[in-house]
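Novice: Okay, handing you the structure first.
The values are calculated or read from the model by the stated rules, or taken from the named source; none is laboratory data. The structure displayed is predicted, hence computed values, not measured ones. Reconstructed Cβ throughout: ideal geometry from the backbone, glycine too, with neighbour counts over all protein chains shown.
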Amino acid sequence: MALEIERRFLVGAGPDGSPPPWRAHVTWEARLQQGYLSAAADGFTTRVRSDGCGGAWLTLKCDAPASHGLVRHEFEYPIPVADAKALLELCPSALRKWRYGLDLPGGDWVLDVFEDANAPLVIAEVELASPTQPVAVPPWCVQEITGQGRFSNAALAGTPLAAWPAGERQSLLAMLNP
């Protein structure tokens, strides 16, 4: 059974309008569009993703028991781009983001820069070999959000940052842009 073991972090903005410090670690980038055919409160999701460069996938995810969001079952299958396009049109919720691969130690790091109603949200993720694997968290990761459902991609597609209550949104943005 395929498992995804992942920790997630909110990323703060660079100081004084300078380029964000994570940019120095970028090794690749892709613009992703993803939609959710289902996204249940119990954590089961059916996702369609396209990278705009000929790659498309159908992914099924659900939480593993007693994992607190750190470990999930994940089944991902490549699908034809035409099928992904048709499925994306059927999705009741979707989002777009830029994904960047990072050359950081301790796991497979990626960073997502969200667009549209989820801008200016930036989230870093590291995939691990085991739940107990130590991670050197970069200083620009300002808060761990592993297991916080409201920051899942499925939740952000359904209730984007722009739709959050004003006080919650402003508080989050103030923490990310001190």
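Novice: Which condition breaks for residue 117 when tested against (1) in contact with a helix residue (DSSP H, G or I) (Cβ under 6 Å, 6 or more places away or on another chain); (2) over 29 Å from residue 176 (Cβ atoms); (3) aliphatic (A, V, I, L, M)?
Specialist: Checking residue 117 against (1) in contact with a helix residue (DSSP H, G or I) (Cβ under 6 Å, 6 or more places away or on another chain); (2) over 29 Å from residue 176 (Cβ atoms); (3) aliphatic (A, V, I, L, M), the one that fails is (2).
Novice: Regarding residue 114, is this residue of a type in the set (Phe, Trp, Tyr), surrounded by fewer than 16 Cβ atoms within 10 Å (Cβ to Cβ) and touching a residue at least 24 places away in the same chain (Cβ under 8 Å)? Working first, answer last.
Specialist: Numbers: of a type in the set (Phe, Trp, Tyr): yes; surrounded by fewer than 16 Cβ atoms within 10 Å (Cβ to Cβ): no; touching a residue at least 24 places away in the same chain (Cβ under 8 Å): yes.
Criteria not met by residue 114.
Novice: Further question: Given the condition surrounded by fewer than 15 Cβ atoms within 10 Å (Cβ to Cβ) and of a type in the set (A, V, I, L, M, F, W, C), answer yes or no: does some residue in region 145-154 qualify?
Specialist: no
Novice: Look at region 17-46 and say how many of its residues are at positive phi and either acidic (Asp, Glu) or over 18 Å from the mean Cα position of the chain (by Cα) (or both). Walk me through how you get there before you give the answer.
Specialist: Of all residues in region 17-46, those at positive phi come to 17, 43.
Subsequent filtering for residues that are either acidic (Asp, Glu) or over 18 Å from the mean Cα position of the chain (by Cα) (or both) retains 17.
The qualifying residues number 1.
Novice: Hey, any hits in region 95-106 for a residue that's surrounded by 15 or more Cβ atoms within 10 Å (Cβ to Cβ), closer than 29 Å to residue 42 by Cβ, among the aromatic types (Phe, Trp, Tyr) and modelled with pLDDT of 95 or more?
Specialist: Checked region 95-106: no residue is surrounded by 15 or more Cβ atoms within 10 Å (Cβ to Cβ), closer than 29 Å to residue 42 by Cβ, among the aromatic types (Phe, Trp, Tyr) and modelled with pLDDT of 95 or more.
Novice: Related question: With respect to residue 69, is the statement that it is in a strand (DSSP E or B) and surrounded by 14 or more Cβ atoms within 10 Å (Cβ to Cβ) true? Reasoning before the result, please.
Specialist: Working: in a strand (DSSP E or B): no; surrounded by 14 or more Cβ atoms within 10 Å (Cβ to Cβ): yes.
No: the conditions fail for residue 69.
Novice: Next up: For residue 128, state whether it is at pLDDT 95 or above and touching a His at 6+ places or on another chain (Cβ under 7 Å).
Specialist: Working: at pLDDT 95 or above: yes; touching a His at 6+ places or on another chain (Cβ under 7 Å): no.
Answer is no for this residue.
Novice: Would you pick out the residues in region 1-40 that are touching a helix residue (DSSP H, G or I) at 6+ places or on another chain (Cβ under 8 Å), surrounded by fewer than 19 Cβ atoms within 10 Å (Cβ to Cβ) and over 18 Å from residue 119 (Cβ atoms)? Step through it out loud before you land on a result.
Specialist: Filtering region 1-40 for residues touching a helix residue (DSSP H, G or I) at 6+ places or on another chain (Cβ under 8 Å) gives 8, 10-14, 33-37, 39.
In the following step, the residues that additionally are surrounded by fewer than 19 Cβ atoms within 10 Å (Cβ to Cβ) were identified as 13-14, 37.
Of everything in region 1-40, just one residue is touching a helix residue (DSSP H, G or I) at 6+ places or on another chain (Cβ under 8 Å), surrounded by fewer than 19 Cβ atoms within 10 Å (Cβ to Cβ) and over 18 Å from residue 119 (Cβ atoms), namely 37.
Novice: Residue by residue through region 73-92, note down the ones that are in a strand (DSSP E or B) and surrounded by fewer than 18 Cβ atoms within 10 Å (Cβ to Cβ). Full working, then the answer.
Specialist: So the first thing to find is which residues in region 73-92 are in a strand (DSSP E or B), and the list is 73-78.
Across region 73-92, the qualifying residues are 73, 75, 76, 77, 78.
Novice: Mind listing whichever residues of region 68-83 are in contact with a Leu (Cβ under 8 Å, 6 or more places away or on another chain) and of a type in the set (A, V, I, L, M)?
Specialist: Scanning region 68-83 gives 71, 79.
Novice: Taking region 126-143 on its own, how many of its residues are exposed (fewer than 14 other Cβ atoms within 10 Å of the Cβ) and within 16 Å of residue 13 (Cα to Cα)?
Specialist: 1
Novice: How many residues are surrounded by fewer than 20 Cβ atoms within 10 Å (Cβ to Cβ) and either among the hydroxyl-bearing types (Ser, Thr, Tyr) or in contact (Cβ under 8 Å) with a residue 40 or more places away in the chain (or both) if we restrict to region 42-63?
Specialist: 3
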